[in-house]
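Q: Next up is a structure, given as structure tokens.
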Amino acid sequence: MEDRKLNEAESLDLIAAMIRNARTNQRARINCNIILVWGYVSVLVSLIVWVIKLYNAFSYSSLLWLLIPMICFPITKYMLSKDKMGVTSYIDRSIYYITILFVVICSTIGLSTLIMDFPVLFIEGLLVCIWMIIMGILLKSKPIIWGGIVGAVVSHTLLFIPDMISQIPLFVLTFVVSIIIPGHLFKKSISQNV
């Protein structure tokens with residue numbers, strides 16, 4: 001690249017572009033870490049519920065899935081508070097409110113299984129995958145979009161497994177392919193030059 005003298009306008013444009021890029025990369029890292037926290041906590045809680053159901057240790061073990069938002073939401077708030085940029089964009093607010101919406105919907109669906117019986121893991125898995133597809137679109141991340149699509153396909157296979165205990169390992173796989181693997185691919189793609 002050849003060195004040339006920049007005029008005042010070009011210099012300001014370059015500085016503004018560098019600031020935007022730094023802000024975008026920092027926010028992308030924060031959003032990526034939030035996605036990974038949700039993925040890992042979901043897998044861990046699901047495996048705990050699976051083991052408890054497998055050994056019939058606690059009859060209301062499905063209520064333990066409510067630990068996912070109870071653990072992840074405060075961590076999400078904390079991670080967002082670490083953002084030193086101070087200015088939130090429309091995309092940032094959209095991601096935050098869409099996440100709240102999906103947490104409320106998934107929690108109420110989970111609670112409704114106390115009243116009636118329906119394929120809750122299929123519905124929850126599908127909703128998580130839709131959430132990830134929307135996050136991928138907002139973050140402009142193809143791995144997250146494709147992970148959500150693959151996860152949606154995996155969650156449909158839950159309809160062919162009759163009992164919940166047998167469904168849980170496949171439900172865990174839904175989180176792995178729709179959140180954890182795409183989250184790591186997204187994190188790897190973020191520029192470290194900030």
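Q: Test Ser112 against the stated conditions and say whether it is without any contact (Cβ under 8 Å) to a residue 24 or more places away in the chain and open to solvent by less than 40 Å² (accessible area, probe 1.4 Å).
A: Yes.
Q: Out of segment 46-63, which residues are closer than 18 Å to Ser166 by Cβ, of a type in the set (A, V, I, L, M) and assigned to a helix (DSSP H, G or I)?
A: Those that are closer than 18 Å to Ser166 by Cβ, of a type in the set (A, V, I, L, M) and assigned to a helix (DSSP H, G or I): Leu47, Ile48, Val49, Val51, Ile52, Leu54.
Q: Would segment 156-177 turn up any residue that is under 20 Å from Phe102 (Cβ atoms), part of a helix (DSSP H, G or I) and among the small types (Gly, Ala, Ser)?
A: No, every residue in segment 156-177 fails to be under 20 Å from Phe102 (Cβ atoms), part of a helix (DSSP H, G or I) and among the small types (Gly, Ala, Ser).
Q: Residues of segment 137-187 being open to solvent by 60 Å² or more (accessible area, probe 1.4 Å) and under 14 Å from Ser42 (Cα atoms), which ones?
A: Result: Leu173, Ile181.
Q: Moving to a separate point now. In segment 58-85, what residues are farther than 22 Å from Met132 by Cβ and open to solvent by 70 Å² or more (accessible area, probe 1.4 Å)?
A: Passing the criteria: Phe58, Ser59, Tyr60, Ser81, Lys82, Lys84.
Q: Which of (1) modelled with pLDDT of 90 or more; (2) of a type in the set (Phe, Trp, Tyr); (3) touching a helix residue (DSSP H, G or I) at 6+ places or on another chain (Cβ under 8 Å) is the odd one out, the single condition Tyr97 does not satisfy?
A: Only one criterion is unmet by Tyr97, namely (3).
Q: Suppose we filter Tyr40, Tyr55, Tyr90 for residues that are among the hydroxyl-bearing types (Ser, Thr, Tyr), in contact (Cβ under 8 Å) with a residue 40 or more places away in the chain and open to solvent by 80 Å² or more (accessible area, probe 1.4 Å); which single one remains?
A: Checking each option against the conditions leaves just Tyr40.
Q: Consider Ser94 carefully, then state whether it is under 30 Å from Pro169 (Cβ atoms) and among the hydroxyl-bearing types (Ser, Thr, Tyr).
A: The answer is no for Ser94.
Q: I've got another one for you. Consider Val120 carefully, then state whether it is aliphatic (A, V, I, L, M), within 14 Å of the chain's Cα centre (by Cα) and open to solvent by less than 30 Å² (accessible area, probe 1.4 Å). Lay out the reasoning, then the answer.
A: Details: aliphatic (A, V, I, L, M): yes; within 14 Å of the chain's Cα centre (by Cα): no; open to solvent by less than 30 Å² (accessible area, probe 1.4 Å): yes.
For Val120, the condition - aliphatic (A, V, I, L, M), within 14 Å of the chain's Cα centre (by Cα) and open to solvent by less than 30 Å² (accessible area, probe 1.4 Å) - is not met.
Q: Those residues that are of a type in the set (Val, Ile, Thr) and more than 14 Å from Ile123 (Cα to Cα), I need them from segment 162-190; list them, please.
A: Matches in segment 162-190: Ile165, Val176, Val177, Ile179, Ile180, Ile181, Ile190.
The values are calculated or read from the model by the stated rules, or taken from the named source; none is laboratory data. What you are looking at is a predicted structure, and each value in this text was computed from that prediction instead of being measured. Cβ atoms come from the backbone with ideal geometry, glycine included; neighbour counts cover every protein chain shown. For accessibility, only protein heavy atoms count, side chains too; no ligands or nucleic acids. Shrake-Rupley method; radii C 1.70, N 1.55, O 1.52, S 1.80 Å.
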